[in-house]
Amino acid sequence: MTRSMSRQNSRIQRLRCVRCQEQIVAKVSRRDDLRNDARAEARREYETLCTLQHVFPQDEHFGTLVSLGYLEVAGHGIMITRHFHGDNLAQHLRSLGEPDAQEACRAAGGWLRRLHESGATDGQASMLGVADKLDYLAATYGAVLRRDRETRTAWRCLEQAGSRTDARGFRVVRQHGDFKPQNMLCDGTRYIGLDIHWQSIGPAVYDLAPFLNHLWLVSRTLGGLLTNRHYRQRESVFLAGYGYGYGDDAQAVCWAQLYFALCYLGAYRQKGRLAASYARGRIGPLVRELAQQLGEVS
């Protein structure tokens, strides 16, 4: 139906049957290599979708992709789903007036809450695991994040706020694993989640924070200038749609956002000067704003 679309770990192709006209989508994994069993990841994603068909309450507003089959050909894993007509939420928001855009953000929060409630974790609670997150940040991106004063300052802010943030328990869920506006489709009425990992169990804040970071990025230019003055309202209605109290929990949300933002920045810097320059203009303002905000709520 269209040219294939390349994603980080896969290629997406849309097809239509010449007899019945039904449209499907084929998600083709990259070929296996020594570092990554891409076929196994594709198979797990298909199995997750099959499970969600039964445990996620599907209705006229919220749902998941309908899985039709899985096969392996020439070293690739291929997942087949029914086609859903809609844009990803990041694109959809650009086409909406502000009241409708805020309602879409509220719906995204409601969809995530429904996914979390489908995971059956029986009301467990857990700390944020601040020490483990800081150890990961240091081991993976420490060398590149220590290069300039600005990111060192943000890192110290993360460390200082971490001990206070990790002093209480948070509701544990089975996490989406990559929840952001680009991983949700919307046709104006129905919301469909994409790329659902659903492998890890942990605090819900680790699904909320990436969405808010990407929502911030959608609202800013490359240099971090505001292009949509309604970001704070969108943030609030997303959290309200999820049912997450934003008063006492503001520090936890902001802490997780800054942690992920530093991970984004570190990953870009590891790719070389050009990528690092892009990240300085795109993600640097987010890091600065979050560090300042975390200092205010601490």
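The values are calculated or read from the model by the stated rules, or taken from the named source; none is laboratory data. Just so you know, these numbers come straight off a predicted model, no measurement behind them. Cβ: placed from backbone, ideal geometry, glycine included. Neighbour counts: every protein chain shown. Heavy atoms of the whole protein, side chains included, go into the accessibility calculation; ligands, DNA and RNA do not. Shrake-Rupley method; radii C 1.70, N 1.55, O 1.52, S 1.80 Å.
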| note | LYS271 meets each of (1) part of a helix (DSSP H, G or I); (2) surrounded by fewer than 19 Cβ atoms within 10 Å (Cβ to Cβ) with one exception, condition (1)
| task | Output the residue which, of all residues in the stretch 151-201 that are open to solvent by 10 Å² or more (accessible area, probe 1.4 Å) and small (Gly, Ala, Ser), is farthest from LEU137 (Cα to Cα). | result | GLY188
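To keep it simple, each residue is scored yes or no on (1) at pLDDT below 95; (2) open to solvent by 70 Å² or more (accessible area, probe 1.4 Å); (3) within 25 Å of ARG114 (Cβ to Cβ); (4) assigned by the TED database to the domain that holds GLN182.
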{"position": "GLN8", "(1), (2), (3), (4)": "yes, yes, no, no"}
{"position": "CYS17", "(1), (2), (3), (4)": "yes, no, no, no"}
{"position": "CYS20", "(1), (2), (3), (4)": "yes, yes, no, no"}
{"position": "ASN36", "(1), (2), (3), (4)": "yes, no, no, no"}
{"position": "GLU45", "(1), (2), (3), (4)": "yes, no, yes, no"}
{"position": "GLY63", "(1), (2), (3), (4)": "no, no, yes, no"}
{"position": "LEU93", "(1), (2), (3), (4)": "yes, no, yes, yes"}
| Is it true that some residue in the stretch 234-241 is in contact with a helix residue (DSSP H, G or I) (Cβ under 9 Å, 6 or more places away or on another chain), modelled with pLDDT under 80 and surrounded by 13 or more Cβ atoms within 10 Å (Cβ to Cβ)? | no
| When the stretch 68-91 is examined, which residues are found to be hydroxyl-bearing (Ser, Thr, Tyr) and either open to solvent by 40 Å² or more (accessible area, probe 1.4 Å) or closer than 19 Å to GLY109 by Cβ (or both)? | TYR70
| Of the numbered conditions (1) within 25 Å of ALA101 (Cα to Cα); (2) surrounded by fewer than 14 Cβ atoms within 10 Å (Cβ to Cβ); (3) among the acidic types (Asp, Glu), ASP135 satisfies every one except a single condition; which is it? | (1)
